[in-house]
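Read-outs: derived from the displayed coordinates by stated rules, not from any lab. Quick caveat: nothing in here was measured; it's all calculated off a predicted structure. Here the Cβ positions follow ideal geometry from the backbone for every residue, glycine too, while neighbour counts run over all protein chains shown.
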Amino acid sequence: MKVDFRFEHHLVKANTKTPIGLMIECTAPGAPIAATATVRPSQGVVFVIDRSGSMGSGRLELVKKTILELLSRLNRNDFLSVVSFDDTAIVEVEMKRVSDHNMSEVRRRISDMRPGGSTNLEMGYRTGIEQASLAGVETKIVLLSDGQANTGVVDPALLGQLAARVTEHMISTSTIGIGTGYDERILDALAVASNGNHFAAINLGEAVDGLTAEFDDLLNKTVANLKVSIELSPRFAGAGASIRKAQYLRKFTAQGGLANAELGDMCSDEEKNFVFELNLGEVDFTDGASERAATINIEWLDLETNQSRSLQTELNVSVVKAEDYVEPARDEDVLAEVITIRMQERKEYAIELMREGRVVEAQALMAELGMEYERMLAEFVGMSSRSRSRMHSEMVDSMSFSTMYDDEFIKRSTESVNRKRSSKPDPRKKGDV
């Protein structure tokens with residue numbers, strides 16, 4: 001895996017707390033052409049499929065067709081289960097190894113699902129969790145729904161807490177909302193709480209993209225158990241020192257000058273940026289020489305070789321007297337990523353404006369964000385092509401959202417916030433420059 005450590009700057013004003021941004025750019029290696037069970041560990045997948053009445057008109061049929069086409073990508077040692085739900089939940093396919101399934105029967109059970117009834121998403125999800133817990137390996141629940149949950153627990157916070165609890169049992173949840181009638185707050189809460197993905201399939205064909213992307217994530221992993229530890233040097237770990245995360249992470253703990261982060265897995269050729277804020281405590285001026293302020297260590301499991309890898313780097317800074325301090329030049333890639341993550345709060349505010357029916361204000365705010373990205377693209381001439389591409393994508397999305405209305409605006413923007421805070425690329429744009 002390729003890893004680049006980027007620091008916002010390297011200058012500290014004496015007797016002043018100093019925040020310094022850290023960005024870790026990771027690029028996973030490509031998967032072997034012929035991936036086998038020896039290349040990656042067994043994985044589990046549970047499809048939790050809404051079969052309520054609103055899934056008629058071809059929606060359920062397309063979902064079934066796509067799942068049936070994807071089944072052949074599972075290895076014989078992977079685990080598979082299928083749950084469907086309307087006002088009740090049914091285990092269509094019990095959790096077993098693929099090699100223990102009668103795949104003809106599995107395909108028949110999936111094909112025979114028919115729409116009807118109301119939407120008890122909680123019951124479907126809990127049944128999916130029960131099946132996932134039987135696998136004994138890392139398992140992803142892929143929940144697909146097109147409607148408002150109208151029976152059972154419907155509070156996004158409570159369902160998110162349920163999703164968070166089961167992550168301790170190696171269960172993550174990704175959600176795909178179909179059409180414009182689903183509750184994006186519930187589906188987003190499930191994904192965020194469990195380090196999964198949320199996909200807004202406004203157009204029916206997008207559901208295929210979402211399902212395929214989830215299979216790619218699950219089955220094309222080349223990096224696992226990615227972890228980062230950050231430790232401030234004793235001199236910089238005094239009063240006021242802290243380390244903060246800037247985005248969604250699988251797990252993050254920090255106390256004073258020490259932080260540990262679990263970053264999850266990465267699939268073939270995937271690019272992710274992980275951003276942290278290192279707040280250095282106040283220090284006296286000594287001689288102005290460069291000195292170590294922090295040590296950063298990253299480790300992961302290379303799934304192709306099944307070997308553990310690690311890299312380490314240091315943040316070295318110079319402490320200058322207050323009267324001699326001049327604002328340092330900033331690494332534009334780090335600055336761009338930090339600003340973009342912070343701008344997601346304004347995107348969330350635009351979503352709330354649209355929910356309140358303040359359409360013109362919501363669209364204007366999105367257009368304003370797009371223009372700010374455009375300005376930064378012009379001003380940050382030193383940005384790398386990777387960072388420029390990411391910011392250009394944000395600009396295009398913001399401008400596009402500014403022309404949307406109501407549910408499409410809300411749902412596409414919600415997915416966008418989730419992706420940016422998870423450093424997750426949009427599979428619709430795969431191959432875009």
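Our estimate of slack between Lys96 and Ser384, defined as 0.36 nm per intervening residue step minus the Cα-Cα distance, is 99.1 nm.
Rounded to the nearest 500, the 222 nm mean residue ellipticity of the chain from helices alone is -10500 deg cm²/dmol, with -39,500 (n - 2.57) taken per DSSP H run of at least 4 residues. Per-residue Karplus couplings for the range 71-76, computed as 6.51 cos²θ - 1.76 cosθ + 1.60 with θ equal to phi - 60°, are listed in order as 4, 5, 7, 6, 7, 5 Hz, Gly and Pro entered as x.
Of all chymotrypsin sites (Phe, Trp or Tyr not before Pro) in the range 329-432, which ones are in loop regions per DSSP and have a Cβ with at most 13 other Cβ atoms within 10 Å?
Numbers: sites: Tyr349, Tyr373, Phe380, Phe401, Tyr405, Phe409; in loops: Phe380, Tyr405.
Taking the range 329-432 and a limit of 13 other Cβ atoms within 10 Å, the loop chymotrypsin sites (Phe, Trp or Tyr not before Pro) found are Tyr405.
Residues whose amide H lies under 5 Å from that of Thr16, counting only those 5 or more places away or on a different chain, are Val283; hydrogens are built 1.01 Å from N in the peptide plane.
Give the whole-number value, in cubic angstrom per residue, of the convex hull volume spanned by the C-alpha atoms of the chain.
Values: hull volume 63.2 nm³, N = 433.
In the chain, the Cα convex hull volume per residue is 146 Å³.
Here the range 274-331 and the range 150-217 have alpha carbon centers that stand 36 Å from each other. Among Phe199, Phe5, Phe215, the ranking by other beta carbons within 10 Å of each residue's beta carbon, starting with the fewest, stands as Phe5, Phe215, Phe199.
Checking the cross-link pairs Lys64/Lys429; Lys65/Lys140; Lys245/Lys424 against a 22 Å limit on the alpha carbon distance flags Lys64/Lys429 as lying beyond it. In the chain, the longest principal axis of the Cα atoms and the axis of helix 332-342 are about 50 degrees apart. Residue by residue, the range 280-289 carries 3J(HN,Hα) couplings of 7, x, 5, 9, 7, 6, 10, 10, x, 6 Hz when phi is fed to the Karplus relation 6.51 cos²θ - 1.76 cosθ + 1.60 (θ = phi - 60°); x denotes Gly or Pro. Distance from the Cα centroid of the range 369-417 to that of the range 65-132 is 37 Å (rounded to whole angstrom).
Applying a DSSP loop filter and a limit of 14 other Cβ atoms within 10 Å to the trypsin sites (Lys or Arg not before Pro) in the range 1-95 leaves Arg76. The string of couplings for the range 46-63 from the Karplus curve (6.51, -1.76, 1.60, θ = phi - 60°) is 10, 8, 10, 10, 5, 10, 5, x, 5, 7, x, 6, x, 5, 5, 4, 5, 4 Hz, one whole number per residue in order, with x for Gly and Pro. With contacts taken as Cα pairs under 8 Å and at least 6 residues apart, the chain reaches a relative contact order of 18 percent. Near the amide H of His101, within less than 5 Å, lie no amide hydrogens of residues on another chain or at least 5 residues away, with H placed in the peptide plane.
Which trypsin sites (Lys or Arg not before Pro) in the range 136-240 sit in a loop by DSSP (not H, G, I, E or B) and have at most 15 other Cβ atoms within 10 Å of their own Cβ? Show your work: numbers first, answer last.
Values: sites: Lys140, Arg165, Arg185, Lys221, Lys227, Arg235; in loops: none.
Answer in residue order: no site qualifies.
Residues whose amide H comes within less than 5 Å of that of Val48, counting only those at least five positions distant or on another chain, are Val83, Val142, Leu143, Leu144 (H built at 1.01 Å from N in the peptide plane).
Springs between Cα atoms under 10 Å define the GNM used for the chain, and in it the highest mean-square fluctuation of Gly281, Gly136, Gly370 occurs at Gly136.
So how much slack lies between Arg342 and His392, counting 0.36 nm per residue of separation and subtracting their Cα-Cα distance, in nm?
Values: separation 50, 0.36 × 50 = 18.00 nm, distance 1.62 nm.
So the extension gain works out to 16.4 nm.
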